[in-house]
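This report concerns only the one structure given below.
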Amino acid sequence: MHKMTQNNLLNAFSGESQAHMKYLIFSEMAEKENKTNVSRLFKAIAYAEEIHAKNHLKALGLIKNTLENLDTAIQGETFEVDEMYPVYNSDAQLQGEKEAEKSTRYALEAEKIHAKMYKKAKDAVSKNEDIDLGDIYICPICGFTQEGELPNYCPICGAEKKIFKRF
C-alpha cells in the first residue's frame, strides 16, 4: 500500500474510532436526560462509525489471527504503561490539571492489568488453547479490571464493588 493511502486510512480509522466512542458517550448523556430517541440516534450512528473503522482496519491489513492480535494488544498496552501515560500524567501534574492527572493515573493503573491479562491469554493461545477465564469485572469510574472475586472497593479509585460491570 502506498504510504499516503496508509496514512490516510490510519487517520480515518482514528477519527471513526473517536466518533464511535464519543457518540456512545453522548448517547449515555441523552439517556440520562430522558431523550430516548436522541440516545438511540447516537447509538445507531456510533455503530455506523464502528463499521467504518473496521473497514479501514481491514483495508490496512491490520486484522490478524488471535495470536498476532494479542501481540498487538500487548504492545499497545505496554506502550501505554511504559511511555504514554507516565508522560501524560507527569505533564498534567506539572500543569496542575487535576482531572487530567486523575484520568491518566486511572488509565495507567488499569492498563497494567490489561497487559498482564493479554499475556495470560497469549500463553494459552500459543498452546492452541483458549484462556481459562472467569467473570471479568470493570470499574465504571476508572477502568480497573478484575477477574474473579472483587474487593469491596476499587483499589484504584475507591468505588464500591456493587457498581462494577460484569463481563
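The values are calculated or read from the model by the stated rules, or taken from the named source; none is laboratory data. Bear in mind that the values here come from a model prediction, so they are computed numbers and not experimental data. Cβ: placed from backbone, ideal geometry, glycine included. Neighbour counts: every protein chain shown.
Name the helices (runs of 4 or more DSSP H) wholly inside region 1-97 in which the number of residues that are polar (S, T, N, Q), free of Cβ contacts under 8 Å to residues at least 12 places away in the same chain and not assigned by TED's automatic domain parsing to the domain that holds Glu109 is 1 or more.
Working: elements: 3-32, 36-59, 66-79, 85-94.
Correct list: 3-32, 36-59.
Restricting attention to region 138-160, does a residue exist that is assigned to a helix (DSSP H, G or I), out of contact with any helix residue (DSSP H, G or I) (no Cβ under 8 Å at 6 or more places or on another chain) and outside the structural domain of Asp91 (by TED's automatic domain parsing)? Spell out the reasoning first.
Quick first cut of region 138-160, residues assigned to a helix (DSSP H, G or I) only: none.
No, every residue in region 138-160 fails to be assigned to a helix (DSSP H, G or I), out of contact with any helix residue (DSSP H, G or I) (no Cβ under 8 Å at 6 or more places or on another chain) and outside the structural domain of Asp91 (by TED's automatic domain parsing).
Going by what's in this entry, would Ala159 be described as surrounded by 14 or more Cβ atoms within 10 Å (Cβ to Cβ) and in contact with an Asp or Glu (Cβ under 8 Å, 6 or more places away or on another chain)?
Working: surrounded by 14 or more Cβ atoms within 10 Å (Cβ to Cβ): yes; in contact with an Asp or Glu (Cβ under 8 Å, 6 or more places away or on another chain): no.
Spelling it out, it is not the case that Ala159 is surrounded by 14 or more Cβ atoms within 10 Å (Cβ to Cβ) and in contact with an Asp or Glu (Cβ under 8 Å, 6 or more places away or on another chain).
For region 1-57, how many residues are among the aromatic types (Phe, Trp, Tyr) and either under 24 Å from Ile141 (Cβ atoms) or modelled with pLDDT under 95 (or both)?
The total comes to 3.
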